[in-house]
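Nothing in this text is a laboratory measurement; each read-out follows from the coordinates by a stated rule. If you're wondering where the values come from, they're calculated on a predicted model, not measured in any experiment. Glycine gets a Cβ as well: all are built from the backbone with ideal geometry, and neighbour counts include every protein chain shown.
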């Protein structure tokens, strides 16, 4: 494992722990996000953004030896980044932890939920019964700002570097819309830092430079570490595939 990958994994783990303190538990769920954001895209058959219309629990089942709740959700698609043709409204299944007996609760990266009325980037896998999320949503699941009518709707027909740039810009907008964190914690904006660096490399610099002036020292420090990484790894920006903000 390279030093860059190791640093990324450590930063993601630390950011999740700082943003919300998880409960103690012996339960370990089998799903984790790939450390590199591009891998999430690669492993999905369909990658779309859109607003969740509804999400309801259906059944309890066992996945990789762990009992989970199967939830059915709908999403009004506004952009497609991978997968080509799609329906304006898609239905998919996502998993959440089932109730655990004996007072034992999950510990590890805290789980999030798809919330009706909020906009997300969703990674889907096509199965015989329909679409299923490639992993269960955890804290740090990309929640997007409202869609801009100026954005190109179908990105899947464009080169991969353009797609990555478009996703990175959506992530940047989402991070910049988050309120400053409480004193002593990093906050959720920093969870997006490794994602943007994965997708745009040195082009992440203008985005990261918004945060060294944050009133939160913890957030300032994390931003400075990522800016230092860009310098240390000689990451440059290819202006042809990135629109600087």
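Report the gain in length on full extension from residue 128 to residue 151: 0.36 nm times residue separation, minus Cα-Cα distance, nm rounded to one decimal. Display every interim value, and only then the final one.
On the way: separation 23, 0.36 × 23 = 8.28 nm, distance 3.21 nm.
Once the chain is fully extended between residue 128 and residue 151, it gains 5.1 nm.
Spin-label pair residue 177-residue 87: with each label point 7 Å from Cα along the Cα-Cβ axis, the two points sit 2.6 nm from one another. Full extension of the chain between residue 217 and residue 113 gives 34.6 nm of extra length, using 0.36 nm per residue less the Cα-Cα distance.
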